[in-house]
Every structure is written in C-alpha cells, then in structure tokens.
Amino acid sequence: MTTPPALSGLRVLDLTRLLPGPVVTLRLAELGADVLKIEPPGAGDYARTMLQSEADRRSGAPSAFYRIVNRGKRQLTLDLKTAEGRARLIGLARDADVLVESFRPSVMTRLGVGYEVLREANPKLVYCAITGFGSEGPFAHKAGHDLNYIAYVGVLDQLAARDGAPVVPNFQLANLLGGALSAVMEILAAAWRVARGGAG
C-alpha cells in the first residue's frame with residue numbers, strides 16, 4: 001500500500017521568479033502540493049531566457065534552468081497591474097493555502113494585493129515573502145543577489161584561493177540555504193499552525 005504525498009491537497013500560489021522562490025515551490029510540489037505559478041504577461045519569469053540554448057530559442061521552449069526549477073507546477077499568466085488581474089489573484093487566494101512571492105517589500109501592497117488584502121480574503125492563508133534584506137531596515141529596499149548576501153554576512157571573506165585571492169562560489173549559498181530552505185521550513189511550520197486551528 002502506498003501513502004499519498006505528505007502535502008497532497010495543499011494549494012500553493014507561486015509569484016516568484018529566478019531561483020530561491022521557484023526552488024521553494026518546487027520542493028512543495030515534490031512533496032505533493034498543487035503549485036500554480038503565476039507570471040506577468042510578456043516575458044514572464046526572467047529565468048525563461050536565462051541560459052537558454054539555441055535549440056530552445058528556436059523551438060520557443062523556456063530554458064533548461066526554468067524547466068528544472070518549475071517542473072511539476074501549473075502555470076497562469078496574470079497582469080497584476082490591472083483590476084481584472086488583481087481580482088483574479090484575490091479569488092485564487094480565497095481557495096489557496098499558501099502564497100509565495102519574491103518582490104521587493106511593499107510591491108504587492110502597491111499593486112493592491114498585499115498581505116492585508118489577501119488575509120481579508122482568506123484568514124488562513126500562509127503568506128511568504130522572500131526578500132533579500134528583510135521587510136524593514138536600511139537595506140530593505142535595496143536590490144541584492146547571492147553574492148551580496150554572502151559578502152554582507154562574512155561568508156565571502158572565507159572563500160579564497162591558496163594565494164588569498166577572493167573566489168566567487170559556483171553554488172548559490174544564500175539563495176538556496178538562506179532563502180529557499182528557510183522559506184520552506186517557515187511555510188511548513190505556518191501550515192502546521194493553521195492545520196491546528198491557528199490563523200494564517
């Protein structure tokens with residue numbers, strides 16, 4: 001007898017791009033969650049064209065990078081800059097368990113679909129915002145990438161060649177271990193709380 005996947009029935013809305021967020025929702029999908037990836041009209045997630053092979057470009061297929069981190073997800077195009085797109089997202093959030101986004105702080109609020117609006121639509125919604133430097137503080141609205149994060153916390157200083165020259169790691173430590181892994185853990189903890197009667 002086989003048991004269903006642990007997260008079977010969990011409904012996740014994925015508004016993330018590039019690497020950390022898509023890896024978060026990939027892990028949830030691998031555990032059985034139903035993940036709906038929502039992308040803007042036009043080019044969509046930037047990862048669609050990153051490292052895209054010539055064969056993929058000719059056939060119109062997204063890059064292997066995009067396909068790897070977004071496998072097992074359904075996809076939907078929504079324009080959150082329109083009233084119709086915002087209303088559709090709020091409707092989807094009413095029936096979702098989890099929403100994951102990776103915009104800069106306040107972007108969702110400026111669009112009219114921030115946490116307060118979505119919480120009103122669904123008080124049980126687990127809302128995860130993946131940010132580079134947190135939602136408040138002096139760096140909150142600064143753009144950042146993996147290299148910035150590991151430099152800021154002192155990890156980059158520990159990575160050097162034998163002659164002491166700095167070495168750029170070939171693995172995105174902060175994005176995957178700090179961003180993705182932490183987010184998965186927090187989402188599962190919050191979902192457990194909701195399952196036991198708590199608020200989202």
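Worth pointing out:
- Scanning the stretch 1-13 for residues that are surrounded by 10 or more Cβ atoms within 10 Å (Cβ to Cβ) and either more than 17 Å from Ala190 (Cβ to Cβ) or touching a Pro at 6+ places or on another chain (Cβ under 7 Å) (or both) yields a count of 2.
- Enumeration of residues in the stretch 88-109 that are over 23 Å from Leu19 (Cα atoms) and among the charged types (D, E, K, R): Arg88, Arg94, Asp95
- Restricting the stretch 184-200 to residues that are touching a Lys or Arg at 6+ places or on another chain (Cβ under 9 Å) and aliphatic (A, V, I, L, M) leaves a set whose member that is surrounded by the most Cβ atoms within 10 Å (Cβ to Cβ) is Val184.
- Pick from the stretch 1-57, criterion of a type in the set (Gly, Ala, Ser) and farther than 26 Å from Gly132 by Cα, ranking: farthest from the chain's Cα centre (by Cα): Ala55
- Of all residues making up the stretch 92-124, the number that are of a type in the set (Asp, Glu) and either out of contact with any helix residue (DSSP H, G or I) (no Cβ under 8 Å at 6 or more places or on another chain) or under 15 Å from Ala191 (Cβ atoms) (or both): 3
- When Ala174, Ala143, Ala180, Ala160 are checked against the criterion of being surrounded by fewer than 15 Cβ atoms within 10 Å (Cβ to Cβ), over 23 Å from Ile90 (Cα atoms), within 20 Å of the chain's Cα centre (by Cα) and not polar (S, T, N, Q), Ala143 stands alone in meeting it.
- Of everything in the stretch 34-87 that is over 15 Å from Leu18 (Cβ atoms) and either touching an Asp or Glu at 6+ places or on another chain (Cβ under 6 Å) or of a type in the set (Ser, Thr, Tyr) (or both), the residue that is surrounded by the fewest Cβ atoms within 10 Å (Cβ to Cβ) is Ser59.
Read-outs throughout are calculated quantities, based only on the coordinates presented, and are distinct from any laboratory measurement. The structure presented is a predicted model; accordingly, all values stated were derived computationally and were not measured. Using ideal geometry, Cβ is built from the backbone for each residue, glycine included, and neighbour counts are taken over all protein chains shown.
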